[in-house]
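See structure below.
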2 protein chains.
Amino acid sequence: MEIDVTISLKKGVADPEGANTKKALNLLGFDDVVDVKSMKTFRIEMDIEDEKKARAEVEEMCKKLLANPVIQNYTIEIR
Amino acid sequence: MEIDVTISLKKGVADPEGANTKKALNLLGFDDVVDVKSMKTFRIEMDIEDEKKARAEVEEMCKKLLANPVIQNYTIEIR
């Protein structure tokens, strides 16, 4: 089973990478770009069948290792 | 319109971040984890209505700035 964990910054946390990407895109002529947020994704392949159990385990992984709850949010998506 | 661009490494390109994350998860007791791939996501907010046009523009952004075609693949997803 493949699971995508996407780690994003919480509201109010500075995202210079996103801000600079937006600036660069605007400078390249992409004037429609209003905002860019940079995020990190981990695609986790698990040897597990039960979707509910997999989700619970990945939740645990986020809390223990993948995300910093002070500044980051995470979303879990079974593919 | 919000569009997610996910940049992943091409097959055969070393992914030490993913490999080390996998190792760390296994060491933490998550034995079901078989593989971890690290990827980058840009969430782009565009002031544009036409989905087809948005997708074409984002494709152009990937080619010009966001992805390195030598080692990276990208997927575009309208949210």
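Side notes on the structure shown:
Here's the yes/no breakdown for (1) modelled with pLDDT of 95 or more; (2) more than 10 Å from every other protein chain (Cβ to nearest Cβ); (3) at negative phi; (4) in contact with a helix residue (DSSP H, G or I) (Cβ under 9 Å, 6 or more places away or on another chain):
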| position | (1), (2), (3), (4) |
| --- | --- |
| A:ASP4 | yes, no, yes, no |
| A:LEU9 | yes, yes, yes, yes |
| A:ASN20 | yes, yes, yes, no |
| A:LEU25 | yes, no, yes, yes |
| A:LYS64 | yes, no, yes, yes |
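- Looking across the range B:16-37, the residues that are crowded, with 18+ Cβ neighbours inside 10 Å and under 15 Å from the mean Cα position of the chain (by Cα) come down to B:GLY18, B:VAL36, B:LYS37.
- Near pairs, Cβ below 7 angstrom, 6+ apart or cross-chain, from the range A:41-70 (under 18 Å from A:MET1 (Cα atoms) and surrounded by 13 or more Cβ atoms within 10 Å (Cβ to Cβ)) to any residue that is of a type in the set (Asp, Glu) and modelled with pLDDT of 95 or more: A:THR41/A:ASP4; A:ARG43/A:GLU2; A:ARG43/A:ASP4; A:GLU45/A:GLU2; A:GLU45/B:ASP35; A:MET46/B:ASP32; A:ILE48/B:ASP32; A:GLU57/B:ASP32
- Hey, B:ARG79 in contact (Cβ under 8 Å) with a residue 12 or more places away in the chain and open to solvent by less than 60 Å² (accessible area, probe 1.4 Å) or not: no
- Scanning the range B:12-58 for residues that are within 14 Å of A:MET61 (Cβ to Cβ) and acidic (Asp, Glu) returns B:ASP31, B:ASP32, B:ASP35.
The values are calculated or read from the model by the stated rules, or taken from the named source; none is laboratory data. All of these numbers come straight from a predicted model, not from anything done at the bench. Quick reminder, even Gly has a Cβ in these numbers, built from the backbone with ideal geometry, and neighbours come from all protein chains shown. Ligands, DNA and RNA are stripped out before the accessible areas are found, and what is left, the full protein with its side chains, is counted by its heavy atoms. Shrake-Rupley method; radii C 1.70, N 1.55, O 1.52, S 1.80 Å.
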